[in-house]
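The values are calculated or read from the model by the stated rules, or taken from the named source; none is laboratory data. All values reported here derive from a predicted model rather than from experimental measurement. Here the Cβ positions follow ideal geometry from the backbone for every residue, glycine too, while neighbour counts run over all protein chains shown.
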Amino acid sequence: MTDAEHEQLAGLLHSVRGAVALSGYSCPLMDRLYGDWRRVDAGARLCNSSKGERTESLWMNYDPAIHTGSELHLPDEISLKL
């Protein structure tokens, strides 16, 4: 996707009146577009397409603990960026 397409998608996702989760890789563009959302980072893993380690992120426009009505328990290798 181009930066313009990411920006267009972000505009659409920010207008959704419901819970949205988006997965991808953290970078300055994604941090700017979704900086007001919660981000969960998985542990770094080898990525075949880049031949290196990458950390996948999940951005959410909601608090998972409140949305599910229970506490959020994450494995040690996953960190929550609020």
(request) Answer with yes or no whether LEU29 is under 27 Å from ILE66 (Cα atoms), modelled with pLDDT of 90 or more and not in a loop (DSSP other than H, G, I, E, B). (result) no
(message) Between VAL40, VAL16, VAL20, which is in contact with a helix residue (DSSP H, G or I) (Cβ under 7 Å, 6 or more places away or on another chain), hydrophobic (A, V, I, L, M, F, W, C) and at pLDDT 85 or above?
(response) VAL20
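Does LEU80 satisfy the criteria of being surrounded by 12 or more Cβ atoms within 10 Å (Cβ to Cβ) and at pLDDT below 70? So that I can check it myself, show each step before the final result.
Details: surrounded by 12 or more Cβ atoms within 10 Å (Cβ to Cβ): yes; at pLDDT below 70: yes.
When the stated conditions are applied, LEU80 passes them.
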(request) Could you please find all residues in the range 38-55 being more than 13 Å from the chain's Cα centre (by Cα) and not in a strand (DSSP E or B)? (result) GLY43, ALA44, ASN48, SER49, SER50, LYS51
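Going by the structure shown, is GLY35 in a loop (DSSP other than H, G, I, E, B), within 16 Å of the chain's Cα centre (by Cα), free of Cβ contacts under 8 Å to residues at least 24 places away in the same chain and surrounded by fewer than 14 Cβ atoms within 10 Å (Cβ to Cβ)?
On the way: in a loop (DSSP other than H, G, I, E, B): yes; within 16 Å of the chain's Cα centre (by Cα): yes; free of Cβ contacts under 8 Å to residues at least 24 places away in the same chain: yes; surrounded by fewer than 14 Cβ atoms within 10 Å (Cβ to Cβ): yes.
In short, yes.
In this structure, is THR68 of a type in the set (Val, Ile, Thr) and at pLDDT below 90? Let's see the steps before the verdict.
On the way: of a type in the set (Val, Ile, Thr): yes; at pLDDT below 90: yes.
Judged against the criteria, THR68 is a match.
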(request) Considering only residues that are free of Cβ contacts under 8 Å to residues at least 12 places away in the same chain and among the hydroxyl-bearing types (Ser, Thr, Tyr), look in the range 1-30 and name the one that is farthest from ASP63 (Cα to Cα). (result) THR2
